[in-house]
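The values are calculated or read from the model by the stated rules, or taken from the named source; none is laboratory data. This is a predicted model, so every value here is computed, not measured. All accessible areas refer to the heavy atoms of the entire protein, side chains included, with ligands and DNA or RNA removed. Shrake-Rupley method; radii C 1.70, N 1.55, O 1.52, S 1.80 Å.
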Amino acid sequence: MKFLYEGTITNQALRKTQAMHMKRLYLEDLPVIEQVQKEVIDSLPEKAILQPLSTEEFLFILNERGLLIGAFVEDRLIGFRALLIPEIDEEHLGLDLNLPEEELPSVIYQEISVVLPEYRGNRLQQKLAEVIMKELPNLEEKFRYICCTVAPMNIPSLKDKFLQQMHIGALKEKYAGMERYILVKDLEQPTVRYEHHTNVKLDDLERQRQLLADGYVGIGFQLVRGFHELEFAKPVL
């Protein structure tokens, strides 16, 4: 089998470097996919920061409505990343971002990304993102916008998205009333210039909402006196 990526990774528990490869996941991989998701969620001190996928959602992706890439050490799945082609309904993230209705079919979601605890700290989420985005053009449909949701205060996930040049375009209640940032990247305009930069405390959601309403977007972090603050700026149109 030709792998999508081959390299090495450090098992932090064993302090040992191991061979690692990535490949596409299929329907027959569903039991181990769900097991890894459960292990990761069980390891989180704050469960609400990660919105797990249901069996139905995994089946939806695996039945040609998206893409799942897994990272393996030997035959063990240690992490995975998902892209999902969403149904167009009232919960569509493109509507949260005020995209025109005719653009909604060109939106694909970056869904859950998980790594087992003993393999964190290897930038594996970022490598999985690179690999899955390289595979995106191989899907039959063509997409312009990559969208996702991230819980406020989930700094690792936000860092992951900012490294992919995604930006916060909205802050909404999703998933039965939970606050979520809506992030987006326009693949047709991957490079954007910004002006009027300002920083906001992570927990000041009202100020963040006001900036978003005024045309600002969230583009990254700034360390202020040793603490993370979100950086907002206005795109130069």
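Against the empirical 2.2 N^0.38 Å (N residues), region 93-237 has a Cα radius of gyration ratio of 1.05.
Dividing the convex hull volume of the alpha-carbon atoms in region 1-108 by its residue count gives 144 Å³ per residue.
Tilt of helix 124-135 relative to the longest C-alpha principal axis of the chain, in degrees (0 to 90, nearest 10)? Roughly 90 degrees, rounded to the nearest 10.
Under 5 Å between amide hydrogens, built in the peptide plane, is the criterion, and for Glu111 it picks out Ala82, Leu83, Leu84 among residues at least 5 positions away or on other chains.
Rounded to the nearest percent, how much of the accessible area of the chain (1.4 Å probe, protein heavy atoms only) is carbon and sulfur?
49 percent
Per the helix-only calculation at 222 nm, which mean residue ellipticity applies to the chain, given -39500 (n - 2.57) for every DSSP H run of n ≥ 4 and division by its residues, nearest 500 deg cm²/dmol? So the calculated ellipticity at 222 nm is -7000 deg cm²/dmol.
Accessible surface for Phe60 stands near 60 Å², nearest 10, in the context of the full protein assembly shown (1.4 Å probe).
Normalised by the number of residues in region 99-173, the mean separation of alpha-carbon contacts (under 8 Å, six or more apart) gives a relative contact order of 41 percent. On a 18 Å Cα-Cα criterion, which of the cross-link pairs Lys142/Lys174; Lys23/Lys185; Lys134/Lys185; Lys161/Lys185; Lys2/Lys38; Lys134/Lys234 come out too long? Over 18 Å apart, Cα to Cα: Lys142/Lys174; Lys23/Lys185; Lys2/Lys38; Lys134/Lys234.
Accessible area per residue, 1.4 Å probe, Å², for the chain: what's the number? Can you show the working numbers first?
On the way: 12790 Å² over 237 residues.
In whole numbers, the chain has 54 Å² accessible per residue.
Relative contact order for the chain using alpha-carbon pairs under 8 Å, separation at least 6, rounded to a whole percent?
Averaging sequence separation for qualifying contacts and normalising by length gives 15 percent for the chain.
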